[in-house]
Each structure stands twice: as C-alpha cells, then as structure tokens.
Amino acid sequence: MNPFLQDAVTIVFLRNLAFADTVLVLNTVLPTTVSIFFKRWVFGEMLCDVTAHLNFLPVMVNIYIVLYMSVFKILACKFPFRYEVFQSLLLCKVIITCYQCQFAV
C-alpha cells in the first residue's frame, strides 16, 4: 500500500475535523462573549434556536469523522491491496455524508 495515499486520507479527515472545530468555536465563543458582556441574549429568538442547533452539529460531525477514520484504518489493515481502489471514492462519500446527516437532523 502506498503510504502517501494513507496519509492523504488522514489529512482530509483532519482538515474536516479542524473545520468542524472552527465552526464550533465561532458559534459558541462569539455569542457567549457578547451575552456575558450585555448580561442577556441580544441576538433574538430565532438566532437562539439556530445557535443551539449549530452547537450540536460540529460535535456530531466530529464524532462521525473519528468513527470513519477508524473504519478506514480497519479497511486498510484488512484489505491492504484493494484499499487504494475504493478509498478515494469512499472518502468523498463519507465526508459529504457526515455533513448531510447532521444538516438533516
């Protein structure tokens, strides 16, 4: 198995983990800081619900991505010669599915 392909898969997963963490930080820290400063929620009722949902979304995406990273590592160990054939197609589908599942919730 080509070690560079395996590293590329890991890098894609880690970039998506970083993106989900960035969304979580931006969505949690900024509204919380403003709320603490003004001592009340100033963004309105609708944004309160949206923020609550968006706080949940990146956490679940992180869980799914870590789960799929584990599955990819198991597949690489179990099918070392066939792994390269399906890894790139599966990778795209897995990342897209992670985000679609969470937006559906």
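Between Ala52 and Val66, what is the spin-label point distance in nm, taking each point 7 Å from the Cα along the Cα→C-beta axis?
A separation of 2.5 nm, rounded to one decimal place.
Taking K and R as +1 and D and E as -1, what net charge do the other residues with C-beta under 14 Å from the C-beta of Asn55 add up to?
Local net charge: -2.
Every number in this text was worked out from the coordinates using simple rules, so none of it is lab data. A quick note: this is a predicted structure, and the numbers were derived from the prediction, not measured. Every residue, glycine among them, receives a Cβ derived from its backbone with ideal geometry; neighbour counts consider all protein chains shown.
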